[in-house]
Amino acid sequence: MFMFSEKTQQLQKQLADFMATHIYPNEASYAQQLHDADDRFSALPLMDELKEKAKAAGLWNLFVPEEFSQYCDHGGLSNVDYAPLAEIMGRVVWSPEVFNCNAPDTGNMEVFMKYATPDQQAQWLTPLLAGDIKSSYAMTEPQVASSDATNIELSIKQEGDEWVLNGRKWFITGAMYERTKIFIVMGKSDPQNPDRHKQQTQVLVPKNTPGIKIIRPLTTLGYDDAPIGHAELVFENVRVPLDNVLLGEGRGFEIAQGRLGPGRMHHCMRLIGCAQRSLELACKRANSRITFGRPLSKHQSVREDISKSFSEIEMARLLVLKTCTKMDAVGAQASRDMIAATKTTVPLMVQNIIDRCMQIHGAGGLTEDYFMAEAFNYARWCRQADGPDQVHQMALGKQIIDLYSAQ
């Protein structure tokens, strides 16, 4: 049995009440504002209103970990204590932004907390924590298999007192958003280094820097994820000062590894919220629809789908909490086995759960009348984001084989 602190139990209640009062009743309004917007990647008035309400309620920057408690008002939360909060937010795909807890900003803020200089923090972390600006993390590239991060080709060369960047990136979340002001860009600064994990560097590139071209928004299963979105970018002789390096030249891979672990878990936490809400909707649907003279809920196959979905949600939730417990005890790097197990299990499991719940809704489950189609898309792309399933399975399999073959 996992026990949550009094602090997070209170936050769970506050957050659930906030969702019931301000988020669920505004889902249709949010969709309408997005539909009516002249620019789908502009900030929505409703989002700004909800953010102010969340700040006033003390439900802001809930993702900030205990070790960086100085950056938030509530004192920072353990991974275990944050998990149920992220699950609640995950019940509406766009709601994490209301609480300044959405990707990629959470991961980027942690990068600034861990690796940035005081000047870099003052310039970028402070406004990110306040919600005044947004950010992107530019790593994935279309021309190489980016599942192996050492393949990254974007060139970062030193010329005098500047870094010069040339290359192409894609599926860069947040790059389309009008309030995004800073990119964290990973590229190769030392491609001949015999240590493939020291060839990469990460630098800070303001979005308005000359030479950055936004080529197009990208979609996943037809969703453009506006207003945050994903984009393809080209960097042509983009120049930034040497001071814009993060942590140091050749330490880009190290930063990437430190950034992605917690983010993978945040996605899994939110996905459980998607699955739980889908199950609840499916149960209501099953009781309200009649086929062959009786409610769907009386049919054996429907009951089996509901039963299987309930059991899988419980398993997924427990796996997330067990992984969070290990992360709290020994850190993300030492928990990479459990993170990999969770990351490769939960998105696929949630994808299948949502699929069953969509089926119970009939054709309506495929439409925007319900949140499930968008949630299915989210679960599906999470199997690619932050490293595809196969890469994590390969690494985890090696760890397990080494562990038990040495005994």
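How many of the residues in segment 38-81 are among the hydroxyl-bearing types (Ser, Thr, Tyr) and assigned to a loop (DSSP other than H, G, I, E, B)?
2
State yes or no: is Asp225 under 30 Å from Lys134 (Cβ atoms) and not aliphatic (A, V, I, L, M)?
Answer is yes for this residue.
Residue by residue, here is whether (1) without any contact (Cβ under 8 Å) to a residue 24 or more places away in the chain; (2) among the aliphatic types (A, V, I, L, M); (3) more than 26 Å from Gly252 (Cα to Cα) holds:
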| site | (1), (2), (3) |
| --- | --- |
| Glu27 | no, no, yes |
| Ala43 | no, yes, yes |
| Leu46 | yes, yes, yes |
| Pro65 | no, no, no |
| Pro96 | no, no, yes |
| Asn102 | no, no, no |
| Gly107 | no, no, no |
| Phe112 | yes, no, no |
| Trp124 | no, no, no |
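Does Ile214 qualify as being under 24 Å from Gln257 (Cβ atoms) and either out of contact with any helix residue (DSSP H, G or I) (no Cβ under 8 Å at 6 or more places or on another chain) or touching a residue at least 60 places away in the same chain (Cβ under 8 Å) (or both)?
no
For segment 344-356, indicate whether the set of residues that are crowded, with 19+ Cβ neighbours inside 10 Å and in contact with a Phe, Trp or Tyr (Cβ under 8 Å, 6 or more places away or on another chain) is non-empty.
Yes: one or more hits.
Condition check: farther than 30 Å from Ser29 by Cα, over 23 Å from the mean Cα position of the chain (by Cα) and in contact (Cβ under 8 Å) with a residue 12 or more places away in the chain. Does Phe310 satisfy that?
Here the answer is yes, as Phe310 does meet what is asked.
Determine which member of the set Tyr370, Tyr378 is among the aromatic types (Phe, Trp, Tyr), under 16 Å from the mean Cα position of the chain (by Cα) and crowded, with 17+ Cβ neighbours inside 10 Å.
The unique qualifying residue is Tyr378.
Going by the conditions given, is Asn79 over 22 Å from Leu246 (Cβ atoms), in contact (Cβ under 8 Å) with a residue 24 or more places away in the chain, under 19 Å from the mean Cα position of the chain (by Cα) and crowded, with 22+ Cβ neighbours inside 10 Å?
Here the answer is yes, as Asn79 does meet what is asked.
Identify, please: which residue in segment 150-180 is among the charged types (D, E, K, R) and out of contact with any helix residue (DSSP H, G or I) (no Cβ under 6 Å at 6 or more places or on another chain) and is, among those, surrounded by the most Cβ atoms within 10 Å (Cβ to Cβ)?
Going through the qualifying residues, I end up with Lys169.
Suppose we keep only residues that are acidic (Asp, Glu) and in contact with a helix residue (DSSP H, G or I) (Cβ under 7 Å, 6 or more places away or on another chain) within segment 97-149. Which one would you say is nearest to Arg196 (Cα to Cα)?
The residue in question is Glu110.
Restricting attention to segment 95-109, report how many residues are over 15 Å from Trp60 (Cα atoms) and either in contact with a Pro (Cβ under 9 Å, 6 or more places away or on another chain) or in a helix (DSSP H, G or I) (or both).
Final tally of qualifying residues: 2.
Of the numbered conditions (1) in a loop (DSSP other than H, G, I, E, B); (2) touching a strand residue (DSSP E or B) at 6+ places or on another chain (Cβ under 9 Å); (3) under 30 Å from Thr323 (Cβ atoms), Thr8 satisfies every one except a single condition; which is it?
Thr8 satisfies every listed condition except (1).
Please specify each residue of segment 200-216 satisfying the condition of being among the β-branched types (Val, Ile, Thr) and under 13 Å from Gly167 (Cα atoms).
Ile212, Ile214, Ile215, listed by residue number.
Kindly state which strands (runs of 3 or more DSSP E) lie completely within segment 133-192 and contain at least 2 residues that are in the same structural domain as Leu218 (by TED's automatic domain parsing) and of a type in the set (D, E, K, R).
Ranges flagged: 155-159, 162-173, 180-188.
So which residues in segment 250-301 are over 23 Å from Asn102 (Cβ atoms) and touching a Pro at 6+ places or on another chain (Cβ under 9 Å)?
Ala286, Asn287, Ser288, Arg289
Could you check, for segment 54-68, whether at least one of its residues is out of contact with any Ser or Thr (no Cβ under 8 Å at 6 or more places or on another chain), surrounded by fewer than 18 Cβ atoms within 10 Å (Cβ to Cβ) and over 26 Å from Ser136 (Cα atoms)?
Yes, that holds for at least one residue.
The values are calculated or read from the model by the stated rules, or taken from the named source; none is laboratory data. Since the structure is predicted, the reported quantities are computational estimates derived from the model, not experimental observations. Note that each Cβ is placed from the backbone with ideal geometry, even for glycine, and that neighbours are counted across all protein chains shown.
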